[in-house]
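Contents: one structure, followed by commentary.
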Amino acid sequence: MQKALFPGYSVGPDAYEDVANICPAYGKTAAIIGGKHALAAAEDKIRKAMESSGIEIIGTFWYGGEASRENMEMLRPQVADADMIFAVGGGKAIDTCKVLAHETNRPFFTFPTTASTCASCTSLGIVYHPDGSLREYSFSKIPPDHIFIDTEIIANAPVRYLWAGMGDTMAKHYECTISCRNDVPAHSDAMGIALSSMCAEPIVRWGEQAMADCEAHRVTPELTEIIEAIIISTGFVSNFVQVDYTTGMAHAMYNGFTVLPSTEENHHLHGEVVSYGILVMLTVDKQYAERDKLMAFSKSIGLPTRLADIHARPEDLKAVTDKALAGIDVRVWPYPVDRQMLIDGVMELEQAQA
């Protein structure tokens, strides 16, 4: 039997007001887990929203700084008395809570404080080693029970998270449409693939204005559209579409670059590196017109278009591509993918900008 689950969501400066109406049905105690900056931005507002809920907060906990198995094990005894988990922050904090909730059979709710990935909407969890390199995907069909998206908090977050989130979001459309090319997708997959256009068109249309609004800490219709594209559109595509369609060469390249110490040392964000992977993917796929359109957009907002932009060098590509091909990302693709194909794509992209 196929099953697809989708979270409810509240969006706006007053989104947390829904907590008292929604969460009491799931239990009487909650643990708040998140990143340090995220908790500083959102905890007081969450607690205030819960005053009339009847839910006791057993404590607030830092997630540990990495979405690692080690941090999940560290959190288990700390949240043992919680009926539900409130996951606060960006992608890694939320994925830590998500996998912990899945493995301990708890309901969980997400409170994204940045619009940097779709993690707060999806059932898939991504687990890393303590050094930041990819460890594994944690598969589940259970997304959060509800997403509380406070657009005011996101508008006051560093703009670079929104900037990187746009790169990650665009990948969903291009990876879905390429990976399914040789197949006749099943109903759920086909719906997600159709929806994936909402992961690219709004970004190119409103992305530059949304960045300006975020820099000015203004909640505007354009910024709200981009927040919803990053979190909701992309997350729903992930929940509709099987993992072999919802990931692909752009994410394979990101996983590859996680093995380089320079990626972590220079604080390159997930979506930032994925956006570069999209350009490599479109080059390999010979979608040159689309690549050049996207490359122009990336340059207009400062997303990376060259190896040097992500502190990588041609001599790094053997290790990068070995890691890229070690995962599942291109096991379903319209043609076989090997190391040389990826290296050639990178170097062709470099040459296109020479």
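The values are calculated or read from the model by the stated rules, or taken from the named source; none is laboratory data. Everything numeric in this text was worked out from a predicted model, so none of it was measured. Every residue, glycine among them, receives a Cβ derived from its backbone with ideal geometry; neighbour counts consider all protein chains shown. The protein model used for the area step is the full one, side chains on, heavy atoms only, and it has no ligands, DNA or RNA in it. Shrake-Rupley method; radii C 1.70, N 1.55, O 1.52, S 1.80 Å.
How big is the Rg/Rh ratio for the range 107-253, C-alpha atoms only, Rh by Kirkwood, two decimals? Provide the component values of the computation, followed by the final result.
Numbers: Rg = 15.1 Å, Rh = 15.6 Å.
Answer for the range 107-253: 0.97.
For the range 251-322, what does the alpha-carbon gyration tensor say about shape, rounded, prolate or oblate, given a ≥ b ≥ c as the root eigenvalues, a/c under 1.5 as rounded, and a/b over b/c as prolate? Don't skip to the answer; put the middle values down first.
Values: a/c = 2.15, a/b = 1.42, b/c = 1.51.
Oblate shape, in that a/c is at least 1.5 and b/c is the bigger or equal ratio.
So, counting K/R as plus one and D/E as minus one, what does the shell of residues with Cβ under 13 Å around K286 add up to?
Working: positive: R181, R291; negative: D285, E290, D292, D344, E348.
Once all neighbours under 13 Å are counted, the net charge is -3.
So if I place +1 on the C-beta of Lys and Arg and -1 on the C-beta of Asp and Glu, and nothing else carries charge, what would the dipole magnitude of the range 143-274 be about its Cα centre? I want it in debye, nearest 20. Could the numbers behind the result be given before it?
Numbers: 5 positive and 18 negative charges, 48 e Å.
Once rounded to the nearest 20, the dipole reads 220 debye.
Any idea how far the Cα center of the range 55-100 sits from the one of the range 222-254, in Å?
Centre-to-centre (Cα) distance: 23 Å.
At 7 Å along the Cα-to-beta-carbon direction for both Y335 and Y288, put a label point, then send me their distance in nm to one decimal.
The modelled label-to-label distance comes out at 1.4 nm.
Sort out for me the Cα centre separation of the range 8-38 from the range 285-310, rounded to whole Å.
The two parts, judged by their Cα centres, are 37 Å apart.
So, with a 1.4 angstrom probe, what is the percent of accessible area on the range 1-121 that is carbon and sulfur? Numbers along the way, then the final one.
Numbers: 2460 of 5100 Å².
Using a 1.4 Å probe with all protein chains present, the range 1-121 comes out at 48 percent carbon and sulfur.
Assuming a ≥ b ≥ c are the square roots of the Cα gyration tensor eigenvalues, decide whether the range 94-170 counts as rounded (a/c under 1.5), prolate (otherwise, with a/b larger than b/c) or oblate. The partial results should precede the final answer.
Numbers: a/c = 2.12, a/b = 1.31, b/c = 1.62.
Judged from the Cα gyration tensor, the range 94-170 comes out oblate (a/c at least 1.5, b/c at or above a/b).
Using 0.36 nm times the number of residues separating V204 and V184, minus their current alpha carbon distance, what extension gain do you get? Mind dumping the intermediate values first?
Numbers: separation 20, 0.36 × 20 = 7.20 nm, distance 2.84 nm.
Difference between extended and current length: 4.4 nm.
Kirkwood Rh over alpha-carbon pairs of the range 196-270, then Stokes-Einstein at 4 °C and 1.567 mPa s: what D in µm² s⁻¹, rounded to an integer? The partial results should precede the final answer.
Working: Rh = 14.2 Å.
For these conditions, the coefficient is 91 µm²/s.
Within 10 Å, count the other beta carbons around each residue, average over each peptide in 341-353, 103-115, 228-240, and list them highest first.
On the way: 341-353: 17.0, 103-115: 23.3, 228-240: 25.7.
Top of the packing list down: 228-240, 103-115, 341-353.
Extending each Cα 7 Å along its Cβ direction at F6 and A326, get the distance between those two points in nm, one decimal.
Distance between the two pseudo-spin positions: 3.7 nm.
How much length is gained on full extension from Y137 to M191, taking 0.36 nm per residue of separation minus their Cα-Cα distance?
On the way: separation 54, 0.36 × 54 = 19.44 nm, distance 2.31 nm.
Full extension from Y137 to M191 adds 17.1 nm.
Excluding residues on the same chain fewer than 8 positions from K286, give the lysines whose Cα lies under 28 Å from its Cα.
K172, K299, K318, K323
Tell me the angle of helix 270-284 to the major Cα principal axis of the chain, expressed in degrees between 0 and 90 and rounded to the nearest ten.
30 degrees
Run lengths n ≥ 4 of DSSP H only: what is the helix-derived mean residue ellipticity at 222 nm for the chain, with -39500 (n - 2.57) per run over all residues, to the nearest 500?
On the way: 17 runs with 177 residues, N = 354.
For the chain, the value works out to -15000 deg cm²/dmol.
Grab the other residues whose beta carbon is less than 15 angstrom from that of E225, score K and R as +1, D and E as -1, and report the net.
Values: positive: R205, R218; negative: E201, E208, D213, E222, E228.
It works out to a net charge of -3.
Name the long-range amide H neighbours of G65: under 5 Å, sequence gap of 5 or more, or other chain; modelled H, no Pro or chain starts.
Close amide H contacts, sequence-distant or interchain: none at all.
Would you compute the Debye intensity of the range 18-162 from its alpha-carbon atoms alone, equal scatterers and no solvent, and pass along log10 I(q)/I(0) at q = 0.12, 0.16 Å⁻¹ to two decimals?
Log-scaled intensity ratios, in q order: -0.42, -0.77.
In the range 1-154, what percentage of the DSSP-assigned beta bridges are antiparallel, given to the nearest 5? Show your work: numbers first, answer last.
Working: 4 of 27 bridges.
Expressed as a percentage, antiparallel bridges in the range 1-154 total about 15.
Taking every DSSP beta bridge that has both residues in the chain, what percent is antiparallel when rounded to the nearest 5? Intermediate results must be reported in sequence, preceding the final value.
Numbers: 4 of 27 bridges.
So the antiparallel bridges in the chain amount to around 15 percent.
Run the numbers for A40 and E350: contour at 0.36 nm per residue of separation, minus the present Cα-Cα distance, in nm. If you can, show how the numbers build up before the last one.
Numbers: separation 310, 0.36 × 310 = 111.60 nm, distance 4.11 nm.
The span from A40 to E350 would gain 107.5 nm if fully extended.
Modelled label-to-label distance, K28 and I58, 7 Å Cα→beta-carbon offset: nm?
1.3 nm
How would the range 227-354 be classified by its alpha-carbon gyration tensor: rounded, prolate or oblate, with rounded meaning a/c under 1.5 and the a/b versus b/c comparison settling the rest? Working shown, then result.
Working: a/c = 1.28, a/b = 1.15, b/c = 1.11.
Rounded shape, in that the Cα axes give a/c under 1.5.
So what's the range 1-56 giving for Cα Rg divided by 2.2 N^0.38 Å, two decimals? Can you show the working numbers first?
Values: Rg = 13.3 Å, N = 56, 2.2 N^0.38 = 10.2 Å.
After normalising by residue count via 2.2 N^0.38 Å, the value is 1.31.
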